[in-house]
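Structure record follows, encoded as structure tokens.
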Amino acid sequence: MKVLVIGNCQARPLGAILSRLHEDIELLDPVIVHLSKDSDLPEVEPRMKEADLILAQSVNDNYPCQFVRTQNLREAHGDKVVIWINLFYTFYNPELRYVRRRGQPTLSGPMGDYHIETVLHGFQNGHSVQEVVSLLGDEAWNADRYKGRAEASLDELKRRDELTDLRICDFIEESQYDLKLFHTFNHPAKSLLREYARRALDHIGKPPSRDPELDKMGEPLGKFLCPINPMAARKVRFDTSADTGYRGVKFTIEDGRVVNQRDFKFYSPLELVEAYYRVYEAVDLSDIN
């Protein structure tokens, strides 16, 4: 069976796991939604026609690239289109966010495009680096600051889940305390991608025929890693004692512009806050969306 996966950064690893779980799956080159343009259709359309199954991430009707929109895919390719959701959940790290300034690209830093609201709030309110480091590990402060965010995030995920062909929220809700299912709010862990792949195979009547040692695959979306927020760490049943720092990237600041490097860097909480403060001191934060 030829399978075309359409989606964001989750598409390629989901497809890779699918092919490992069943020897009958032949993956076609995936379509990455945020990199696609209408002008790409002549190159992509033959793959869509060739595919026996199009596993497509749900995309709104107003998305700029028209051929990846869910409605257009269904109209063009009918029942061979199976819709899945963008896996997005804030339970483990409700403090993570993007920083966008009007008319500017997303602000980068030591964790790529991810920022930590606790650090940003501390900088904007004149807190010292050490004060912010303390807040990062303060369960009571985090519980008050981020109260209700995980619940709202799960409610939204459930709403979108109901509109798809593959349901996954029941697994997330049941397993979130026993398995770490996300590295960041939009980078699911292999454990969750594996379950999603298994459900996709069940949906098309091809239950997994082999069970490779996926541990050897590594974490395909584990580029950025951070400790679980203290309010979430109190609830989980898996070991978090090794989560003592942050896996990010090296960066430079050139003429008020943050430039990320390819090299990874491990930051202690103190080093990370200092790094963010260097970024915020160098850029204009007066116009954050």
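The values are calculated or read from the model by the stated rules, or taken from the named source; none is laboratory data. This is a predicted model, so every value here is computed, not measured. Glycine gets a Cβ as well: all are built from the backbone with ideal geometry, and neighbour counts include every protein chain shown. These accessible areas exclude ligands, DNA and RNA; they are computed on the full protein's heavy atoms, side chains included. Shrake-Rupley method; radii C 1.70, N 1.55, O 1.52, S 1.80 Å.
Tabulated results
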| quantity | calculated |
| --- | --- |
| Checking residue 135 against (1) farther than 21 Å from residue 272 by Cα; (2) touching a Gly at 6+ places or on another chain (Cβ under 8 Å), the condition it does not meet | (1) |
| Lone unmet requirement of (1) without any contact (Cβ under 8 Å) to a residue 24 or more places away in the chain; (2) among the basic types (Lys, Arg); (3) part of a strand (DSSP E or B) for residue 216 | (3) |
| Residue in region 260-277 that is among the β-branched types (Val, Ile, Thr) and under 20 Å from residue 99 (Cα atoms) present | yes |
| Test: residue in region 202-213 that is in a helix (DSSP H, G or I) and either touching a residue at least 12 places away in the same chain (Cβ under 8 Å) or not hydrophobic (A, V, I, L, M, F, W, C) (or both) | yes |
| Filtered residues of region 232-244 (kept if part of a loop (DSSP other than H, G, I, E, B) and out of contact with any helix residue (DSSP H, G or I) (no Cβ under 7 Å at 6 or more places or on another chain)) | 235, 236, 237, 238, 239, 241, 242, 243, 244 |
| Residues located in region 261-289, provided they are over 17 Å from residue 106 (Cα atoms) and open to solvent by 30 Å² or more (accessible area, probe 1.4 Å) | 262, 263, 264, 265, 266, 268, 269, 270, 271, 274 |
| Subset of region 202-231 [in contact with a helix residue (DSSP H, G or I) (Cβ under 7 Å, 6 or more places away or on another chain) and either of a type outside the set (A, V, I, L, M) or closer than 16 Å to residue 112 by Cβ (or both)] | 207, 208, 210, 212, 219, 220, 221, 229, 230 |
| Search result, residues across region 30-58 that are under 17 Å from the mean Cα position of the chain (by Cα) and in contact (Cβ under 8 Å) with a residue 40 or more places away in the chain | 56, 57, 58 |
| Number of positions in region 20-46 that are open to solvent by less than 30 Å² (accessible area, probe 1.4 Å) and either part of a helix (DSSP H, G or I) or not β-branched (Val, Ile, Thr) (or both) | 7 |
| Residue in region 241-251 that is surrounded by the fewest Cβ atoms within 10 Å (Cβ to Cβ), counting only those that are of a type in the set (Ser, Thr, Tyr) and at pLDDT below 95 | 241 |
| Tabulated pairs, region 143-171, first on the phi > 0 side of the Ramachandran plot and of a type outside the set (A, V, I, L, M), second surrounded by fewer than 17 Cβ atoms within 10 Å (Cβ to Cβ) and not in a loop (DSSP other than H, G, I, E, B), C-beta under 8 angstrom, 6+ apart or interchain | none |
